[in-house]
Amino acid sequence: MRTDTLFEKLKGWKENIEKEVGEKVFTLRQEVSGLEKWKDGIWGSISYDLLVPIMRRNELHYEISTKTTGFFIKRDVLAVLDKKRRANRIADLMSRILFLSPGKILKASLPDEFLRKLHEEDPEATSVVFFDQVDLPNVNKLSLYGSALSSSSAYQEGLKHGKIYYVVFRERKHGFVL
């Protein structure tokens, strides 16, 4: 789908959902905002409301909480700037908006070599590295935190015994933590 078509489908999109809890009806909103064309891509935010149960003086009450997440689309790639569970929820919502059907946007994964290169090209920007398929006894996953990761012996051991599957770093140009 062309960038202009995607932009038009997302521009001004909003949806209200009525949710009844007991005798009270809540209106939950989902909407796309802050949409901008950028070179050959699109930047924007998507917000959605959630009902949050709260105990107050031994009574259950509900409050609306709004979550807002940034995203960008370039060519055939949608990047959602949030944790995995929320990103999957937003990808499914974007599939409904853009293709009128859930499940049309598929999850992609980055190869171990790409994540290693990403970290090693700018190690100061990396704050966390997660290793998977670790071949140490009783260890399945390994995570390392800190700004001096690539120069540490623990990082080198992680590379010997596992594969990088997740990296948390600050993207310098826009300041996003990815």
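Derivation of every value follows stated rules applied to the coordinates shown; laboratory data play no part. Everything numeric in this text was worked out from a predicted model, so none of it was measured. Here the Cβ positions follow ideal geometry from the backbone for every residue, glycine too, while neighbour counts run over all protein chains shown.
Numbers below:
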| read-out | value |
| --- | --- |
| By average C-beta atoms within 10 angstrom, highest first, the peptides 16-27, 85-96 | 85-96, 16-27 |
| Calculated log₁₀ intensity ratio I(q)/I(0) where the Debye formula runs over C-alpha points of segment 1-53, q = 0.18, 0.25 Å⁻¹ | -0.65, -0.93 |
| Relative contact order (%) - criterion: Cα under 8 Å, at least six apart; region: segment 20-178 | 14 |
| Gyration tensor over alpha-carbon atoms, segment 1-91, equivalent ellipsoid semi-axes in Å | 33, 14, 9 |
| Net lengthening on full extension, R57/R75 (0.36 nm per residue, minus Cα-Cα) | 1.3 nm |
| Neighbourhood net charge (13 Å Cβ-Cβ; Lys/Arg +1, Asp/Glu -1) for N16 | -1 |
| Segment 1-68: relative contact order in percent, alpha carbon pairs under 8 Å with at least 6 residues between | 23 |
| Global form of the chain, assessed from the alpha-carbon gyration tensor, a/c cut-off 1.5 | oblate |
| Sites V21 and K107, calculated FRET efficiency, Cβ-Cβ separation with R0 22 Å, nearest 0.05 | 0.10 |
| If the convex hull is drawn through the Cα atoms of segment 48-110, its volume per residue in Å³ | 108 |
| Above-threshold pairs, the threshold being 24 Å between Cα atoms, out of K19/K104; K9/K117; K84/K141 | K19/K104; K9/K117 |
| Theoretical ellipticity at 222 nm over the chain - DSSP helices of four or more residues, -39500 (n - 2.57) apiece, nearest 500 | -7500 deg cm²/dmol |
| Cα pair distances of segment 112-169 binned at 10 Å [whole percent] | 26, 61, 12, 0 |
| Ranked packing of 131-142, 151-162, most packed first, by mean Cβ within 10 Å | 151-162, 131-142 |
| Across K39/K163; K37/K163; K39/K107, pairs whose alpha-carbon gap is larger than 27 Å | K39/K163; K37/K163 |
| Dipole magnitude of the chain, debye to nearest 20 (Cβ charges: Lys/Arg +1, Asp/Glu -1, about Cα centre) | 260 |
| Among G146, L81, Y62 the positive-end extreme of the charge dipole of the chain (Cβ point charges) | Y62 |
| Peptide ranges 117-126, 102-111 listed from the most packed, as the mean C-beta count within 10 angstrom indicates | 117-126, 102-111 |
